[in-house]
Every structure is written in C-alpha cells, then in structure tokens.
Amino acid sequence: MQFLLNLENGINRVCDWLGKLTALLFVLMLLNVFWDVVSRYLFNEVSIGMQELEWHLHATIFLLGVPYALRTGGHVRVDLIYENLSSNKKAWVDLFGTIVFLFPFCALVVWYGYDFAKEAYELGEQSGDPGGLPHRWIIKSMIPISFSFMLLSGLGLLLTSINTLLGQHEQPYKHTEL
C-alpha cells in the first residue's frame, strides 16, 4: 500500500513541475507580447516570427496546463453534484471517469498526434508566412507530449482514488493540496 502512495506522490510532483513550467512559459509569453507591441508601435517593426511565437507559447501553456489542472482538481466537471459526495463516492466517480473516458481519449490523441507531428517533421513543414517560424513539427509535437502527461496525471488521479478507497488518505478527498 505504501508503494501506491509513493507512486501517487511521485506522479503528483511531476504534474506540479508542469504547473511551474507553465507559469514560466506564461511569463515568457507576456514578455514576447510586450516586446511585440513595443517594437510595433515605437519602432514600426513587425515580426511575423514573434507573432507566431505568441500562439506557439499560448498553445503550449494550454496543453501543458491541462495535466496540472487535472492534478489540482481545476478541470471542468459537474461540481454541483460532485462537491456534495462523500470522499469514497468522489473516488469512485474519478476512478470510473479516468478508466472509461480519460485514458481511452488520451491514448487516441497520443496515437494520432504522434503521426501528425511526425508527418510535419518529415515534410519539413514551416510557416507559410515570410519571416515565420520554421520547424512546425515542434508545436505539433506538443499535442502527443501533453496528452502523454495527461495520461500520467490521470494515473495519479487513479492512484489517488485507489488510495482513498484503501483508506490511505487521512484527510477528505480533494486534489487541490500542493
């Protein structure tokens, strides 16, 4: 039983690291937007690459932030019903949802997302705009990478549910503690 608790804590640490990485990427995106606006309005310089980097960073923040949101319970669910359930019932709901919905969906996205990114790499896909970013496969590879982390985060949620049902958690069932 201690092994399952240690595994859950290890996975949660990885997901917490993703949250910190996402926060850092957000600051980088903010600096990118700031520089883009300053260079456009003060120096009359427009960089297509910087504008594309904004949406690359935005997509990466979103894609890597979702596994963290799942780990902390910040994702969308029917809280009106869920919040009034006992710890064990919440654990059963999460256990069922993770196995039936989350794992299959994430596995499909990883499977097809890999081919999507691989094709972009093999074709040498790049921005169609002059001055845009090369190597479009990098942003496309974030899809299977992020959903792999989502699978890992789902495994952490599954272990939290199992550990709750086994009585390994002393406090009421919740994901928001860091």
Discussion item. Criterion first (in contact with a Phe, Trp or Tyr (Cβ under 7 Å, 6 or more places away or on another chain) and either farther than 22 Å from Leu85 by Cβ or modelled with pLDDT of 95 or more (or both)) does Ile138 satisfy it?
Written reply: no
Worksheet item: Within the set of pairs 6 or more residues apart or between chains, which connect a residue that is without any contact (Cβ under 8 Å) to a residue 12 or more places away in the chain inside segment 39-50 to a residue that is among the β-branched types (Val, Ile, Thr) with Cβ atoms less than 9 Å apart?
Response: Ser39/Val46; Arg40/Val46
Practice prompt. Take segment 71-96 and flag every residue that is within 20 Å of Gln168 (Cβ to Cβ) and in a helix (DSSP H, G or I).
Written response: Arg71, Thr72, Ser87, Asn88, Lys89, Lys90, Ala91, Trp92, Val93, Asp94, Leu95, Phe96
Worksheet item: Just to be sure, is Pro67 part of a loop (DSSP other than H, G, I, E, B) and either surrounded by 14 or more Cβ atoms within 10 Å (Cβ to Cβ) or over 20 Å from the mean Cα position of the chain (by Cα) (or both)?
Response: no
Item to complete: Answer yes or no: is there a residue in segment 45-58 that is under 20 Å from Met150 (Cβ atoms), under 14 Å from the mean Cα position of the chain (by Cα) and either among the small types (Gly, Ala, Ser) or surrounded by 15 or more Cβ atoms within 10 Å (Cβ to Cβ) (or both).
Response: yes
Worksheet, complete the sentence: Residue hits (segment 1-49; acidic (Asp, Glu) and either within 21 Å of Ile139 (Cβ to Cβ) or assigned to a helix (DSSP H, G or I) (or both)) are Glu8, Asp16, Asp36
Discussion item. Just the residues that are closer than 25 Å to Leu57 by Cβ and of a type in the set (A, V, I, L, M, F, W, C), please, taken from segment 130-171.
Written reply: Leu133, Trp137, Ile138, Ile139, Met142, Ile143, Ile145, Phe147, Phe149, Met150, Leu151, Leu152
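The values are calculated or read from the model by the stated rules, or taken from the named source; none is laboratory data. Here the structure is a predicted model, which means the values were calculated and not measured. Cβ: placed from backbone, ideal geometry, glycine included. Neighbour counts: every protein chain shown.
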